[in-house]
Amino acid sequence: MNEVYVQIAASIGAALLAAIAIFQILLLAGAPLGEYSWGGKHTGVLPPPQRWMSLPAAIILCLMGFVLLIHTNVLSVDAFTSTRGFVWGITIFLGLNTLGNAASKSRKEKVVMTPVSGLCFLMSLTVLIFG
């Protein structure tokens, strides 16, 4: 596959991961979006323990996006190690996350987060296979 297409896939994946990270920051800040996360167990504002879990989640999501961009040379960084193993981990995580969203009891989480996560997974899979 053409390198440009793989870079586009990485860029789309990174943008979606950044959007999910922003969603996590909104959860942390107390936005009433609980039904879109944690299996929809909490309506409105998440309880403090779940809200604080959004901070590391946002950081990890941003790091995942950077790895995709570094792996495909969208960002030129002297990596201390190969990013291939990280891309494998990201792809597996996003695949499992998509399945988890699809299995959610929350209709809102299923309808909104499953497609977003699924698209992230497909972009990461494209990077993994062709990058």
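The values are calculated or read from the model by the stated rules, or taken from the named source; none is laboratory data. Since the structure is predicted, the reported quantities are computational estimates derived from the model, not experimental observations. Positions of Cβ are generated from backbone atoms using ideal geometry, with glycine treated the same way; all protein chains shown enter the neighbour counts. For the accessible areas, the whole protein counts, side chains as well, though only heavy atoms, and no ligand, DNA or RNA atoms are used. Shrake-Rupley method; radii C 1.70, N 1.55, O 1.52, S 1.80 Å.
Compute the Kirkwood hydrodynamic radius of segment 69-127, taking the inverse of the mean of 1/r over all pairs of distinct Cα atoms, and give it in Å to one decimal.
12.5
Ignoring any ligand, DNA or RNA, what whole percent of the accessible area of the chain comes from carbon and sulfur when the probe is 1.4 angstrom?
71
Could you compute how much accessible surface Val116 exposes when probed at 1.4 Å, giving the result in Å² to the nearest 10?
Around 40 Å² of this residue is reachable by solvent.
On a 1.4 Å probe surface of the protein chains, which of Met53, Met113 comes out largest in accessible area, and what is the full order?
Met53, Met113
Keeping every protein chain in place, order Tyr36, Tyr5 by accessible area at 1.4 Å, biggest value first, i.e. largest first.
Tyr5, Tyr36
With +1 on each Lys and Arg Cβ and -1 on each Asp and Glu Cβ, how big is the dipole of the chain about its Cα centre, in debye rounded to the nearest 20?
With only Lys, Arg, Asp and Glu charged at Cβ, the dipole is about 480 debye.
Could you list which residues have their amide H under 5 Å from that of Leu33, counting only those 5 or more apart in sequence or on another chain, with H placed in the peptide plane?
Leu46
Highest first, please rank the peptides 68-75, 40-47, 121-128, 27-34 by the mean number of other Cβ atoms sitting within 10 Å of their residues.
121-128, 68-75, 27-34, 40-47
Can you give the accessible area per residue of the chain, in Å², using a 1.4 Å probe?
56
For the chain, take N as its residue count and report Rg(C-alpha) divided by 2.2 N^0.38 Å.
Normalised Cα radius of gyration, the chain: 1.08.
In sequence order, what are the phi-derived ³J(HN,Hα) couplings for segment 29-45 according to the Karplus relation 6.51 cos²θ - 1.76 cosθ + 1.60 with θ = phi - 60°, rounded to whole Hz, with x for glycine and proline?
6, x, 5, x, 10, x, 5, 9, 8, 6, x, x, 5, 10, 8, x, 6
May I ask you to evaluate 6.51 cos²θ - 1.76 cosθ + 1.60, the Karplus curve with θ = phi - 60°, for each residue of segment 60-70 and list the ³J(HN,Hα) values in order in whole Hz, giving x for glycine and proline?
Rounded to whole hertz, the list is 4, 4, 5, 4, 4, x, 4, 4, 4, 5, 5.
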